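A short write-up of the structure that comes next.
The values are calculated or read from the model by the stated rules, or taken from the named source; none is laboratory data. All values derive from a computational prediction rather than experimental measurement. Note that each Cβ is placed from the backbone with ideal geometry, even for glycine, and that neighbours are counted across all protein chains shown.
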């Protein structure tokens, strides 16, 4: 899990790491789908960490850092916020307590987030 958090922290720490091209309405940047998926995962993790973690969830702050680092327009920013909220609400509906399946989902999403972050850094990092 530490490696996943580190990879994501690196992504957030690099201003413009995934912003090699601006998000233009009607013309998706090549990394947009990856960032949208990452946003949804972070929302799910925010809920899963709250019920299965050992402390406060860092995932909302990671999402905020991602939004701040990318400098999205208001419309683009809302798209990513909506995906974060969708991930959160989906898992909030499915998991009210930490079950083995919730814990497994949390672990898998952390791994997927790390993979996405590493891929974005490798492809678009500056």
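Structure summary
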quantity	calculated
Selected residue (only one of 37, 3, 60, 83 is modelled with pLDDT of 90 or more, surrounded by fewer than 16 Cβ atoms within 10 Å (Cβ to Cβ) and within 15 Å of residue 109 (Cα to Cα))	37
Test for residue 65: is it under 22 Å from residue 122 (Cβ atoms), in a helix (DSSP H, G or I) and at pLDDT below 90	no
Residue check for residue 89: touching a helix residue (DSSP H, G or I) at 6+ places or on another chain (Cβ under 8 Å) and surrounded by fewer than 14 Cβ atoms within 10 Å (Cβ to Cβ)	yes
Hits in segment 68-78 - residues which are buried (at least 17 other Cβ atoms within 10 Å of the Cβ) and either touching a strand residue (DSSP E or B) at 6+ places or on another chain (Cβ under 9 Å) or part of a helix (DSSP H, G or I) (or both)	69, 70, 76
Residue within segment 100-117 that is in contact with a helix residue (DSSP H, G or I) (Cβ under 8 Å, 6 or more places away or on another chain), surrounded by fewer than 19 Cβ atoms within 10 Å (Cβ to Cβ) and in a loop (DSSP other than H, G, I, E, B) present	no
